[in-house]
Amino acid sequence: MKKLYGVIGNPIGHSMSPDIHNASLKDLGLDGHYHAFKVEEDDLEDAVKGIRALGIQGINVTVPHKVSIMDYLDHIDESAKVIGAVNTVRREGDKLVGYNTDGEGFVKSLMKVLDKPISELSFLMIGAGGAARAIFTTIARDIPKKFDICNRTLEKAKQLTESTPSFHNKEVLSIKEAEERLEQYDVIIHTTSVGMYPNVDDVPLSLQRAASSAVVCDIVYNPIQTALLKQANQKGLKTLDGVGMFVEQAALSFQLWTGREPDIEKMRSIVIGQLGGKEC
Ligand code: ATR
């Protein structure tokens with residue numbers, strides 16, 4: 001019988017997840033279908049009951065349900081607990097189990113552009129929201145040389161650093177302070193929505209003082225080449241666009257559900273085709 005998968009969120013109309021998951025199911029000859037479901041915040045509990053009753057095998061969870069869905073699941077995986085959010089649900093027998101593949105997905109895309117292990121590198125994170133938390137807690141597990149966080153609201157950055165009590169080499173900075181000491185960092189990761197369509201000319205900070213060997217990552221993928229990545233390219237820095245994290249987190253969810261590895265490059269070209277963009 002055809003297995004069912006999907007994504008719940010609101011808004012969800014522009015989600016590219018159905019395209020990449022359905023293409024991967026077809027490619028691997030798996031009899032399944034992936035659908036996007038718009039779910040209002042007040043309907044989340046009923047939606048989870050529906051997932052149970054209809055025998056849906058796997059669900060991705062996106063804004064605004066990543067935190068609130070945790071109340072309705074039977075079990076939460078350890079790393080999703082640390083992140084404090086779930087982006088993937090897998091049916092395990094009669095139980096629904098929550099996972100988070102965002103941090104792992106980012107790290108997998110990052111490892112493709114790094115030439116040193118995380119333990120030998122200094123990181124700067126710009127932003128302290130949900131995506132930042134997933135990335136920070138995942139990278140902190142590998143004990144980088146340093147991992148500082150700058151954010152518009154300092155208190156939120158402070159709360160994020162407190163989520164990894166066993167990792168010590170971290171500081172909270174204002175965006176201005178981070179700009180002034182930018183040459184210290186090997187990897188700069190931007191996780192806010194600054195520069196996202198339609199505000200495509202906005203940058204979160206100036207890269208003027210970045211080291212010439214720095215890697216600049218942006219998790220925004222619409223546009224693929226954000227103003228921050230353009231600035232990095234102009235300085236001759238290595239860059240990582242947000243499509244990498246998007247497809248890697250999707251591939252990890254797909255693997256959790258099917259036990260099969262989808263073709264990442266094909267997923268990437270579908271997303272790039274949909275965005276009508278060029279690679280940077
Ligand atoms: P997500 O789950 O996508 O990470 P979020 O949890 O709402 O989204 O977090 C948004 C992040 O973008 C926060 O770091 C936010 O900064 P504040 O903590 O100060 O709110 C940051 N952000 C959003 N809009 C911003 C802007 N115009 N300038 C600077 N930072 C911004």
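The values are calculated or read from the model by the stated rules, or taken from the named source; none is laboratory data. Quick caveat, the model's predicted, so the values are computed rather than measured. Neighbour counts run over all protein chains shown; Cβ positions are idealised from the backbone, glycine included. The area values use the complete protein model at the heavy-atom level, side chains included, leaving out ligands, DNA and RNA. Shrake-Rupley method; radii C 1.70, N 1.55, O 1.52, S 1.80 Å.
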For this session: Return the only residue of 107, 113, 97 being under 14 Å from the mean Cα position of the chain (by Cα) and more than 16 Å from the ligand (Cβ to nearest atom).
Result: 107
Exercise. Taking the range 16-36, which residues are without any contact (Cβ under 8 Å) to a residue 60 or more places away in the chain and surrounded by fewer than 18 Cβ atoms within 10 Å (Cβ to Cβ)?
Worked result: 18, 22, 26, 29, 31, 33, 35
Exercise. Do you know which of the residues in the range 187-215 that are of a type in the set (A, V, I, L, M, F, W, C) and away from the ligand (no atom under 13 Å from the Cβ) is nearest to residue 132 (Cα to Cα)?
Worked result: 188
Seminar exercise, completed: Within the range 1-29, the residues that are more than 15 Å from residue 249 (Cα to Cα) and polar (S, T, N, Q) are 10, 22
Problem set entry | Candidate set: the range 259-274, residues that are part of a helix (DSSP H, G or I) and in contact with a helix residue (DSSP H, G or I) (Cβ under 8 Å, 6 or more places away or on another chain); chosen: the one most open to solvent (accessible area, probe 1.4 Å) | 274
Exercise. Based on what the data block shows, is residue 220 of a type in the set (A, V, I, L, M) and part of a loop (DSSP other than H, G, I, E, B)?
Worked result: yes
For this session: Take residue 12 and decide whether it is under 27 Å from residue 265 (Cβ atoms) and either surrounded by 16 or more Cβ atoms within 10 Å (Cβ to Cβ) or over 18 Å from the mean Cα position of the chain (by Cα) (or both).
Result: yes
For this session: State all residues of the range 239-280 that are among the polar types (S, T, N, Q) and modelled with pLDDT under 95; if no residue qualifies, say none.
Result: 274
For this session: Please identify the pairs in which a residue from the range 194-218 that is more than 18 Å from residue 151 (Cα to Cα) has its Cβ atom under 7 Å from the Cβ atom of a residue that is outside any loop (DSSP other than H, G, I, E, B) and among the basic types (Lys, Arg), counting only partners at least 6 apart or on another chain.
Result: 215/238
Exercise. Of everything in the range 183-213 that's of a type in the set (D, E, K, R) and closer than 25 Å to residue 112 by Cα, which residue is least open to solvent (accessible area, probe 1.4 Å)?
Worked result: 186
Seminar exercise, completed: Per the filter on the range 169-188, residues out of contact with any helix residue (DSSP H, G or I) (no Cβ under 6 Å at 6 or more places or on another chain) and aliphatic (A, V, I, L, M) are 173, 175, 178, 182, 187, 188
Exercise. Going through the range 144-182 one residue at a time, which ones are under 15 Å from residue 83 (Cα atoms), small (Gly, Ala, Ser) and either surrounded by 14 or more Cβ atoms within 10 Å (Cβ to Cβ) or within 16 Å of the ligand (Cβ to nearest atom) (or both)?
Worked result: 157, 163
Exercise. Any chance the range 161-168 includes a residue that's of a type in the set (S, T, N, Q), assigned to a loop (DSSP other than H, G, I, E, B), modelled with pLDDT of 95 or more and out of contact with any helix residue (DSSP H, G or I) (no Cβ under 7 Å at 6 or more places or on another chain)?
Worked result: no
For this session: Mind listing whichever residues of the range 136-159 are in contact with a strand residue (DSSP E or B) (Cβ under 7 Å, 6 or more places away or on another chain), under 16 Å from residue 178 (Cβ atoms) and part of a helix (DSSP H, G or I)?
Result: 136, 154, 157, 158
Problem set entry | Residue list for the range 220-242, filter: open to solvent by 30 Å² or more (accessible area, probe 1.4 Å) and within 16 Å of residue 131 (Cβ to Cβ) | 221, 222
